[in-house]
Amino acid sequence: MSTDLALSASALDYHLVLSRQGDREVEGILVEEFTRHDDFTTTGLHSAGWTPDAGWWSSAALSRGLRTDPDVLARVVPTARADVAATYRRLGGGHLPSEAVLRTYFRDHQPFATAPPLRLGPTRPPEGFHERRVYRVLFAKDLRADQVAALRAVWRVTDGSTAGSAAGGHHERGGDQFAWNLRRVGHTLAWGLDVTVLLRTGAAEAVRSTLTDLTNLLRQHGLVLATVERFS
C-alpha cells in the first residue's frame with residue numbers, strides 16, 4: 001500500500017532547547033545539518049546554537065550530549081523552521097537568518113566513523129531491478145503509543161509490517177520501490193527505521209527524497225535524527 005510522505009522545504013534540522021526537562025520555557029535554539037556520502041549515509045554533523053544573551057555559538061558539545069545524555073535529550077524538541085523563526089523573533093533575535101547564512105555559523109564539524117556497507121540479506125536484487133540497498137536511520141528519544149498510532153495512520157497500516165516492527169509502509173517512485181519498518185533498537189530510548197530500496201532506474205534523487213521525507217515525518221513526531229547507516 002502506498003503512502004503520502006511528509007515534505008519539508010528546510011534543508012537544515014531545527015530544535016528548540018528548553019530551560020529544564022519538562023518545562024515549556026525556551027532557552028534557545030539549535031540548528032543542525034548532517035554531511036553525507038554520495039549514497040546518503042552519514043559522514044558527520046554541523047551545528048550551531050543560539051541564546052538571547054550569547055548570540056550564535058558552536059554547539060558541538062550540545063549536539064553530542066543530545067545523542068548521549070538522556071537529560072540533555074529531554075530538553076531538546078525537534079521543531080519546524082517556521083516555529084523556530086517565531087521563537088527566535090519572540091526572544092529578541094529578529095528575523096531568523098536564511099539557511100545559507102546559518103551555515104556560516106557552523107564552527108566545529110563532528111566526523112562520524114564510517115565503514116563499507118555490511119552485506120545483510122540477499123546480495124542480488126529481484127528480477128527487474130539492478131540494485132538492492134538497505135538503510136537503517138537511527139533516532140534518539142522515545143515515541144508514545146499515540147504517536148506510533150499516528151504514524152500507522154499516515155502510512156495506512158493497522159499493524160507492524162514485520163515481526164518486531166511498530167509501524168511500516170511502502171511506496172513506488174518512477175519504478176523504484178521502497179519499503180520501511182520502524183522498530184525499537186538497543187537498550188536505550190532509540191528507534192531504527194529500516195528502509196529497503198529496490199532500484200529499477202538510476203535516479204539517486206528518489207533515494208534522497210524518500211529518506212528525507214521519512215526522516216522529516218519522524219522528526220515531526222518528536223524523534224531526533226542520530227545517523228544513517230547502510231547494510232547493503
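Count, please, the residues in the range 80-106 that happen to be acidic (Asp, Glu) and either within 19 Å of Ser58 (Cα to Cα) or surrounded by fewer than 12 Cβ atoms within 10 Å (Cβ to Cβ) (or both).
The first filter runs over the range 80-106 and keeps only residues acidic (Asp, Glu), leaving 83, 99.
Restricting the remaining residues to those that are either within 19 Å of Ser58 (Cα to Cα) or surrounded by fewer than 12 Cβ atoms within 10 Å (Cβ to Cβ) (or both) gives 99.
Here the count works out to 1.
Residue pairs, Cβ under 9 Å, 6 or more apart or interchain, first in the range 198-218 and in contact (Cβ under 8 Å) with a residue 60 or more places away in the chain, second in a helix (DSSP H, G or I) and surrounded by 14 or more Cβ atoms within 10 Å (Cβ to Cβ). List them.
Within 9 Å, the pairs are Leu199/Ala206; Leu199/Val207; Leu217/Leu151; Leu217/Val154; Leu218/Leu151.
For the range 50-79, how many residues are among the aliphatic types (A, V, I, L, M), farther than 17 Å from Phe139 by Cβ and open to solvent by 20 Å² or more (accessible area, probe 1.4 Å)? Steps first, answer last, please.
Just the residues of the range 50-79 that are among the aliphatic types (A, V, I, L, M), to begin with: 54, 60-62, 66, 72-74, 76-77.
Now restrict to residues that are farther than 17 Å from Phe139 by Cβ: 54, 60-62.
From the residues that got through so far, the ones that are open to solvent by 20 Å² or more (accessible area, probe 1.4 Å) too are 54, 61-62.
Summing the residues that are among the aliphatic types (A, V, I, L, M), farther than 17 Å from Phe139 by Cβ and open to solvent by 20 Å² or more (accessible area, probe 1.4 Å) in the range 50-79 gives 3.
Based on this model, can you work out whether Arg184 counts as at pLDDT below 90, over 13 Å from the mean Cα position of the chain (by Cα), basic (Lys, Arg) and surrounded by fewer than 17 Cβ atoms within 10 Å (Cβ to Cβ)? Walk me through it before giving the result.
Numbers: at pLDDT below 90: no; over 13 Å from the mean Cα position of the chain (by Cα): yes; basic (Lys, Arg): yes; surrounded by fewer than 17 Cβ atoms within 10 Å (Cβ to Cβ): yes.
The answer is no for Arg184.
What number of residues within the range 1-41 are over 24 Å from Arg103 (Cβ atoms) and either open to solvent by 20 Å² or more (accessible area, probe 1.4 Å) or modelled with pLDDT of 90 or more (or both)?
We begin by selecting, within the range 1-41, every residue over 24 Å from Arg103 (Cβ atoms); these are 1-5, 18-25.
Next, from what is left, pick out any that are either open to solvent by 20 Å² or more (accessible area, probe 1.4 Å) or modelled with pLDDT of 90 or more (or both): 1-2, 4-5, 18-25.
Final tally of qualifying residues: 12.
Out of (1) at pLDDT 90 or above; (2) closer than 29 Å to Arg75 by Cβ; (3) buried (at least 18 other Cβ atoms within 10 Å of the Cβ), the odd one out for Ala166 is which?
Unmet for Ala166, out of (1) at pLDDT 90 or above; (2) closer than 29 Å to Arg75 by Cβ; (3) buried (at least 18 other Cβ atoms within 10 Å of the Cβ): (1).
Go through the range 131-150 and give me each residue that's within 29 Å of Ala203 (Cβ to Cβ), in contact with a Leu (Cβ under 7 Å, 6 or more places away or on another chain) and not basic (Lys, Arg).
Across the range 131-150, the qualifying residues are Glu131, Val134, Tyr135, Val137, Phe139.
The values are calculated or read from the model by the stated rules, or taken from the named source; none is laboratory data. Just so it is clear, the model here is predicted, and its values are computed rather than measured. Here Cβ is always computed from backbone atoms with ideal geometry, including for glycine, and neighbour counts include all displayed protein chains. The accessibility values were calculated without ligands, DNA or RNA, using every heavy atom of the protein model including side chains. Shrake-Rupley method; radii C 1.70, N 1.55, O 1.52, S 1.80 Å.
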